[in-house]
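The structure under discussion appears below in the form of structure tokens.
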Amino acid sequence: MQLKAVFFDLDDTLYSGFDAGDTEGFVRCGQYAAAHFGVNAADFTALMRQCREQLKVQLPREPEIHDRALVAQHALESLGISPIAHGEALHDLYWAGVLDCITVRPGVPELLDELRARGVRVIVCTNMLVGIQMRKLCQLGLADKIDALVTSEEAGRDKPDAPIFHLALKKADCLPQQALMVGDNFEHDIRGAHAVGIAGLWLHVHGEPAVTADFPFAEAPDFMQAADLIRSLL
């Protein structure tokens, strides 16, 4: 059946540098806390990370776990500090650090343009909150190369749960067998897509061990080779 849509994860798929940005963002939060509250910057950075992990346990697969203002709220309240005047500032500082570090992967703009020129819908299907994902796409110069954005905030659940894939299919106006999911997280992107009948292409860029699955999937070690595989399906 003809390929009608390609669903791309965003973070670490269409761009690189999130880990560096994550580190930079939390460092900036620590610096803010040191300047405003007199706490040790490194200790506050570690506290923010700890609170993020606690939220993942408290709200498994809920989009709210990605809200850095919520992370900041928990961190500040644990120190007995009211977060109301500072939560959004910490949120903005964190994401400014991320945005300063991310770089679009080679070959991404060209492939997205080619897919759309050939009538294939390009959908970004990503965990995270809609506002920051829009900011990332603008920062990367990809805003006008995407047909639709699907976030877990909009779908109500993170990948690998089915609602986000169902919403992507609805926006693409296609059947599962007419779509391909491309992503760097095997469990979230590839196994999650397979569960609803969508084929997957794993961008194997993090050095994880090889995966053995009870279903077929494609694999590429970098985006340029992934792009060639996608072109072979057109």
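Of all residues being open to solvent by 30 Å² or more (accessible area, probe 1.4 Å) and charged (D, E, K, R) in the stretch 170-198, which is nearest to PHE215 (Cα to Cα)? Just the residue, please. Looking at the filtered set, the residue picked out is ARG191. In this structure, is LEU167 farther than 25 Å from ARG231 by Cβ, of a type outside the set (Lys, Arg), in contact with a strand residue (DSSP E or B) (Cβ under 8 Å, 6 or more places away or on another chain) and open to solvent by 10 Å² or more (accessible area, probe 1.4 Å)? Against the criterion (farther than 25 Å from ARG231 by Cβ, of a type outside the set (Lys, Arg), in contact with a strand residue (DSSP E or B) (Cβ under 8 Å, 6 or more places away or on another chain) and open to solvent by 10 Å² or more (accessible area, probe 1.4 Å)), LEU167 qualifies. ASP144 falls short on exactly one of the conditions (1) within 12 Å of the chain's Cα centre (by Cα); (2) part of a helix (DSSP H, G or I), and that condition is (1).
Residues that are over 19 Å from the mean Cα position of the chain (by Cα) and either farther than 25 Å from ARG157 by Cα or open to solvent by less than 60 Å² (accessible area, probe 1.4 Å) (or both) within the stretch 200-215 comprise PRO209, ALA210, VAL211, THR212, ALA213, PHE215, listed in sequence order. Restricting attention to the stretch 130-148, the residues that are more than 23 Å from MET1 (Cβ to Cβ), open to solvent by 30 Å² or more (accessible area, probe 1.4 Å) and in contact (Cβ under 8 Å) with a residue 12 or more places away in the chain total 6. Counting only helices (runs of 4 or more DSSP H) that fall entirely inside the stretch 1-110 and contain at least 3 residues that are in contact with a strand residue (DSSP E or B) (Cβ under 9 Å, 6 or more places away or on another chain) and either at negative phi or open to solvent by less than 30 Å² (accessible area, probe 1.4 Å) (or both), no element qualifies.
The values are calculated or read from the model by the stated rules, or taken from the named source; none is laboratory data. Computed from a prediction, not measured in an experiment: that's the story for all the values here. Cβ: placed from backbone, ideal geometry, glycine included. Neighbour counts: every protein chain shown. Heavy atoms of the whole protein, side chains included, go into the accessibility calculation; ligands, DNA and RNA do not. Shrake-Rupley method; radii C 1.70, N 1.55, O 1.52, S 1.80 Å.
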